[in-house]
Amino acid sequence: MGGREDSEPPLKRVKVTLTESKNSSDHSSITDPVASSLGDYMARPLPSQGDEETIGKTGVIKRSEFIKVITRALYSLGYDKTGAILEEESGIPMHSSLVNLFMQQVMDGKWDDSVATLRAIDFLDEKTMKSASFVILEQKFFELLKKEKMVAALDTLRNEIVPLRVNVNTVHELAACMISPLQPVQLEPSSQDTDGASTRSKILEKLQKLLPAALFIPGHRLERLVEQALDVQRDACVFHNTFDSDLSLYSDHQCGRHQIPSQTSQILHAHSDEIWFLQFSHNGKYLASSSKDQSSIIWEVKGDGQVSLKHVLTGHQKPVLTVSWSPDDRQLLTCGLEEVIRRWDVTSGECLHVYEKNGVGLISCGWFPDGRGIFSGMADKSICLWDLDGLELECWKGQRTLKISDMAITDDGKRIINICRETTILLLDREAKFERLIEEDEVITSFSLSKDNKFLLVNLINQEIHLWSIESEPKVVSKYKGHKRARFVIRSCFGGFEQAFIASGSEDSQVYIWHRGSGELLLALPGHSGAVNCVSWNPVNLHMLASASDDRTIRVWGLDHLNLRRKVSQSNGIARLAHQFNGRT
């Protein structure tokens with residue numbers, strides 16, 4: 001919106017001319033006569049017209065603060081004339097004349113004058129005063145040093161900076177500059193460049209962060225207040241499932257159930273037996289499914305949201321348990337039931353490699369984060385890692401996995417996560433050779449790792465789903481109930497905006513969706529005629545969900561457009577009613 005970057009209001013607005021203060025040298029004493037002329041610029045109470053008045057229905061917004069924040073925003077956006085007019089018309093200056101003088105002195109490099117003015121400003125505690133003085137005097141020191149005025153620089157250090165008794169380590173570094181002026185010192189970037197208006201603007205920004213907001217209205221304050229309001233509205237929206245770009249300032253935000261995929265948009269028929277697993281690719285452009293019919297299928301998600309068959313992958317001699325997308329989505333792994341793992345090219349549908357181990361079946365699979373290798377759970381309860389050519393790199397033997405097991409690896413490649421016993425999940429740190437366990441009271445049937453690697457979604461035999469935080473000490477942070485599970489492995493997933501929802505299959509032929517934070521059951525979606533074994537939420541299209549069932553079909557779920565049309569639609573930021581009610585628009 002604005003014409004320039006955020007900065008202080010133009011200094012031409014400062015009512016003080018350069019002849020009104022002493023034109024002192026860079027190393028003059030801070031007891032200059034300029035201090036005696038500060039009475040005219042002392043901060044005074046604002047005129048009564050804006051001091052006590054409030055605006056808004058609740059009366060909590062002070063009129064003077066409101067106007068100052070708006071003025072600050074206008075200057076930040078580059079509307080200098082408009083900001084000046086608002087100050088004049090309202091009678092409420094954004095800064096006191098004393099603060100304006102202080103800013104002018106900093107920009108002019110009148111360091112001693114600015115320190116004296118700083119001390120004349122009311123409401124500053126001793127700590128703030130010293131910290132701000134240090135910033136000013138440090139810059140004075142560097143400028144003297146650059147001009148090779150070594151005596152004056154030493155005098156500033158000894159008699160002005162050291163007596164402040166703050167930032168002792170930095171003081172030592174400044175002293176080192178005196179000994180070796182050419183030796184670079186590890187100070188803040190703004191301290192290195194010691195010349196020009198740009199540097200002094202940075203010093204002013206640094207001072208603004210130290211001094212009270214009532215004296216210096218923080219930059220972008222209005223934007224921050226508006227962002228906070230939008231954050232509150234978004235967080236309060238139970239059904240929130242839209243990108244931030246859809247938020248508007250024109251009306252309060254409320255998504256409603258219509259923003260959650262709840263309507264069948266497609267039914268995919270291609271498998272000839274129960275479908276056990278499915279997963280969208282990371283880029284959301286593909287969907288892969290695996291079946292008891294010993295095949296896997298790669299489906300393509302078109303630009304209009306329609307899903308079409310791309311490749312049928314055959315070659316397994318047993319039912320295909322699971323699939324796993326490579327990090328770049330160019331390849332796919334398929335894992336047979338205690339059989340082999342096959343690696344496929346997504347574009348051509350060609351099988352690139354078969355991974356197997358004599359006498360031992362493979363039961364799960366996944367990729368290294370860099371895509372240069374794979375890992376698998378084995379029927380002998382070990383975990384093996386291979387390079388892409390099939391060379392075994394590592395193998396952890398012992399009670400590491402079960403015959404039916406999910407596996408995951410964190411994005412940094414450091415931790416492998418696996419079900420190691422019926423009620424236990426193993427968190428194996430490859431580098432530290434350290435193991436941590438997640439213990440449940442009930443049998444674990446499956447799990448899913450969150451996109452940020454901080455949470456684990458664990459499905460249990462007792463018809464509960466537990467959300468575990470695994471960032472530090474593992475702990476259960478939420479529980480989800482309502483779906484049915486008696487005989488089969490039922491899988492759940494994270495999904496929606498910032499993975500704010502939990503979706504799960506169920507043996508009652510429905511798909512269940514909960515709010516992740518509250519645990520509230522939001523929707524139960526009927527449609528399938530057999531147990532729903534697995535669900536996957538498109539990571540790119542927030543409004544697309546897929547479910548796989550024993551009825552041999554995949555259902556693709558989208559928005560309920562009939563109800564969506566009944567809601568308030570938005571076009572070009574203007575809200576309008578998009579349906580008729582009682583015959584009236």
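Assorted remarks:
- Above-threshold pairs, the threshold being 28 Å between Cα atoms, out of K68/K209; K62/K110; K433/K481: K62/K110; K433/K481
- Taking every protein chain into account, the accessible area of the stretch 245-355 amounts to 44 square angstrom per residue (probe 1.4 Å).
- Partners for K397 among aspartates and glutamates (Cα-Cα distance below 12 Å; same-chain residues under 8 apart left out): D380
- Projecting label points 7 angstrom from Cα along Cα→Cβ for T264 and A214 puts them 6.5 nm apart.
- Proximal charge balance of N453 [Cβ under 11 Å; K/R count +1, D/E count -1]: 0
- Note on V443 and K147: with the Förster distance fixed at 60 Å, the Cβ-Cβ geometry gives a FRET efficiency of about 0.20.
- Extension gain, L393 back to R330 (0.36 nm per residue minus Cα-Cα distance, nm): 20.4 nm
- Computed lengthening from N283 to T128, 0.36 nm per intervening residue step minus Cα-Cα distance: 50.8 nm
- Computed from label points 7 Å out along Cα-Cβ, the spacing between R487 and K318 is 2.1 nm.
- Taking 0.36 nm per residue of separation and subtracting the Cα-Cα distance, full extension of the segment from N169 to S201 would add 9.1 nm.
- J(HN,Hα) series, the stretch 384-397, from Karplus relation 6.51 cos²θ - 1.76 cosθ + 1.60, nearest Hz, glycine and proline x: 10, 10, 10, 7, 5, 7, x, 6, 6, 9, 8, 8, 9, 9
- Residues whose amide H lies under 5 Å from that of T423, counting only those 5 or more places away or on a different chain, are I444; hydrogens are built 1.01 Å from N in the peptide plane.
- Simple point charges give the picture: +1 on the Cβ of Lys and Arg, -1 on the Cβ of Asp and Glu, and for the stretch 373-463 a dipole about the Cα centre of about 100 debye.
- Å² of accessible area per residue within the stretch 458-529, as computed with a 1.4 Å probe and no ligands counted: 40
- L521-E53 FRET efficiency (beta carbon distance; Förster radius 45 Å; 0.05 resolution): 0.40
The values are calculated or read from the model by the stated rules, or taken from the named source; none is laboratory data. Everything numeric in this text was worked out from a predicted model, so none of it was measured. With ideal geometry, Cβ positions are generated from the backbone for all residues, glycine too; neighbour counts draw on all protein chains shown. Just so you know, the surface numbers come from the protein's heavy atoms only, side chains and all, with ligands and any DNA or RNA stripped out. Shrake-Rupley method; radii C 1.70, N 1.55, O 1.52, S 1.80 Å.
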